[in-house]
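Colleague: Have a look at this one before I ask anything.
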Amino acid sequence: MPQKILAGRAADPQLRGDLVQVKVDQVILSRAPTRAYVEAVAAGLKKTPLEVAVAYDGVCVTDVAWNSKVAAGAWSAVVPEMLSAGVQVARPGIGFPAPVHLERFGSPARLALTDDPRLAPLGGVGMLVLLASPGQLAQALAQGSVWLRPPRSVQILISGRTRPFVCARDVALELVRRGIGDVVKRIEERHRAPVVLEFAGQSAKLLNVSERAVLAGAAPMLGAAAGLFLSDEKTESFLRDQRRSKAHRTLFADQGAPCDDAVTLDLGTVDPLICDEQGQVRSVRDLAGKPIHQAILGGDSGTNLRDLLAAAALLKSKRVPSRLDFLVAPPSRQALEVLAQSGALADLAATGARIVEPDRRVMAGELYPVGPGRTSLRTCDPEPLAPGFIVASAETLAYAVATGTLGDPRAFKRPVRVTIPRVLPTDDVLVTRERKPEAGAPKRDKPLAAPAPRGWKTTTFDLVEALPEPGGAEVALLASADSARALATRVGELDASVRVVIGAALPSGLASALAGAGIAVFSADAAGLAALKGQRSITLPPVAQWGDTVQLTAGKGKVTLTNAAVGLERAWVANGTSRPAPSAKR
């Protein structure tokens, strides 16, 4: 299915070569919207030719420090100038980007680029969403097309039906426990191409779009570039409920279409699961009786409207234990309104829940962090390198809130039946579209400017093993799997300080995105990584001498690295950016 989407948009429908040029339908900006916008302006952006371009302002809780960052031109802010270029702005309070975009803009059989891996749940509606660098996003915004690596596919064949108190969150955790990540890694190493998880099988057709989104959202945790479901009558029904029937397109895998591997999963064998603080997936019974001090229901992934209503029903007439903080972060404004209209929000408030704003820093643990010696239970996926917390389903979290300890939700004995209303609130009151400049609006003292492409003034760098703060000296990062995932979420902010990344086997999609930001990515075997560990600095040969392999000097020895960049990506690394020159037409 991903090849089918790309082939209809590619200059070469056969998708031959290391990279292919493809037409982009949507751009979704979440992590560093201003960075992508100023890069696009430098590439000649006047009015974007894309079907949809949206920038999400995810900071709801502001303070003096944040206002100072905005005044200084923080890349993570959203600037009003975007509106004149045809980029819509989703204002604070609308919800988290993934669930909101699924409701308001998600469209089957489309290609979207983003700066945030947490947009993977959009694969549940049949949309292919890939991570890109600020330069690639700029090219898409300004010219409507980009160069991408053609992906490979792994099919996950789903059969059976889930048992009571087992939901999509548990199934997503089961994928992690089954070792799908090892399958993805093996294919990545063999083909040097991003891997897309294709969910298929008879039971995949039985899942609604919200459940599909939870499963597709597990792709980043498995090392995959994206997750993708078919688009069928379930998708059409979802879009009709969102009053967007015209966005529907059918998407399915052709009979006998090849894939690189296939994994089967029987939903009837899945039990309630948790992902502990160390990232290990275990049965919830393994930690039964563990005290819980904080519980956060909602967030941008792992839950849907059905889960929220089920948790509210299970907790009706219950009271929060005195030592536990119960927070509810509704995924979207639509979900919040449905909770309020159904009375579920009042039931949660009567339980002792506190409703928090959909601020992106909740996901990273910057807001409502885990206290020392305390245990936090949440329904959303963890942020790489964020303080550890336990991930579980909404039903498991409801049991913890009711008892104060972790336990099997099947102890409730009687499952609840939830009815999702067919008439949903769809007012886009917090989406700002194109408008003329307001009279008397304050003008910016200093115009926004894109960073100049960086040359390679030196190839000697200090070697660090932890992500540096933005704005420091250029360094080389010896990356673990977690730090590589964390870097993927912060490409637009950290590329001024990270110039070289070395790891065991970094995902191809990440390597391509980093190359687009002018960051050199290399892989090394176990012996090479052991030789680099503990070194203070490394020296690479001149960039012009880089080929498929590169020999660097570390201390008194030499280490052979494999260049992760392919084709045009090597020119991006040498030039310091993938941002194209302004088009003559503009």
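The values are calculated or read from the model by the stated rules, or taken from the named source; none is laboratory data. All figures in this text were calculated on a predicted structure; none of them were measured in a lab. Because the Cβ atoms are built from the backbone with ideal geometry, glycine has one as well, and the counts that use them run over all protein chains shown.
Colleague: Going by the structure shown, is residue 492 under 17 Å from residue 188 (Cβ atoms) and either in contact with a Cys (Cβ under 9 Å, 6 or more places away or on another chain) or surrounded by 19 or more Cβ atoms within 10 Å (Cβ to Cβ) (or both)?
Modeller: For residue 492, the condition - under 17 Å from residue 188 (Cβ atoms) and either in contact with a Cys (Cβ under 9 Å, 6 or more places away or on another chain) or surrounded by 19 or more Cβ atoms within 10 Å (Cβ to Cβ) (or both) - is not met.
Colleague: Going through 559, 566 one at a time, which residue ends up being surrounded by 16 or more Cβ atoms within 10 Å (Cβ to Cβ), in a strand (DSSP E or B) and at pLDDT 85 or above?
Modeller: 559
Colleague: Right, here's the next one. Assess whether residue 184 counts as being surrounded by 22 or more Cβ atoms within 10 Å (Cβ to Cβ), under 20 Å from the mean Cα position of the chain (by Cα) and not in a helix (DSSP H, G or I).
Modeller: no
Colleague: Then there is this: Only residues that are assigned to a strand (DSSP E or B) and either touching a Pro at 6+ places or on another chain (Cβ under 6 Å) or not β-branched (Val, Ile, Thr) (or both): list them for segment 463-474, please.
Modeller: Of everything in segment 463-474, just one residue is assigned to a strand (DSSP E or B) and either touching a Pro at 6+ places or on another chain (Cβ under 6 Å) or not β-branched (Val, Ile, Thr) (or both), namely 463.
Colleague: Moving on. Out of all the residues in segment 375-411, which are farther than 25 Å from residue 177 by Cα and surrounded by fewer than 18 Cβ atoms within 10 Å (Cβ to Cβ)?
Modeller: Of everything in segment 375-411, those that are farther than 25 Å from residue 177 by Cα and surrounded by fewer than 18 Cβ atoms within 10 Å (Cβ to Cβ) turn out to be 403, 404.
Colleague: Let me ask something additional. Can you tell me which residue among 210, 245, 231 is assigned by TED's automatic domain parsing to the domain that holds residue 109, hydroxyl-bearing (Ser, Thr, Tyr) and more than 24 Å from the chain's Cα centre (by Cα)?
Modeller: After applying the criteria, what remains is 245.
Listed here are the residues, each with its yes/no results for (1) surrounded by 15 or more Cβ atoms within 10 Å (Cβ to Cβ); (2) among the basic types (Lys, Arg); (3) modelled with pLDDT of 95 or more.
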| site | (1), (2), (3) |
| --- | --- |
| 224 | yes, no, no |
| 253 | yes, no, no |
| 257 | no, no, no |
| 260 | yes, no, no |
| 287 | yes, no, no |
| 304 | yes, no, no |
| 318 | yes, yes, no |
| 322 | no, no, no |
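Colleague: Yes or no: segment 206-221 includes at least one residue that is in a strand (DSSP E or B) and either surrounded by fewer than 24 Cβ atoms within 10 Å (Cβ to Cβ) or not β-branched (Val, Ile, Thr) (or both).
Modeller: Filtering segment 206-221 down to residues in a strand (DSSP E or B) leaves none.
No, every residue in segment 206-221 fails to be in a strand (DSSP E or B) and either surrounded by fewer than 24 Cβ atoms within 10 Å (Cβ to Cβ) or not β-branched (Val, Ile, Thr) (or both).
Colleague: Which one of these does residue 582 not meet: (1) closer than 23 Å to residue 193 by Cα; (2) touching a residue at least 40 places away in the same chain (Cβ under 8 Å)?
Modeller: Single failed check for residue 582: (1).
Colleague: Let me ask something else. Name the single residue, out of those in segment 29-61 being free of Cβ contacts under 8 Å to residues at least 60 places away in the same chain and of a type in the set (D, E, K, R), that is surrounded by the most Cβ atoms within 10 Å (Cβ to Cβ).
Modeller: Restricting to residues being free of Cβ contacts under 8 Å to residues at least 60 places away in the same chain and of a type in the set (D, E, K, R), the top hit is 57.
Colleague: Just a yes or no: is a residue in segment 62-75 crowded, with 18+ Cβ neighbours inside 10 Å and under 30 Å from residue 210 (Cβ atoms)?
Modeller: No; the residues of segment 62-75 include none that is crowded, with 18+ Cβ neighbours inside 10 Å and under 30 Å from residue 210 (Cβ atoms).
Colleague: What helices (runs of 4 or more DSSP H), lying completely within segment 252-357, carry at least 1 residues that are within 27 Å of the chain's Cα centre (by Cα) and over 27 Å from residue 224 (Cβ atoms)?
Modeller: 305-314, 333-342
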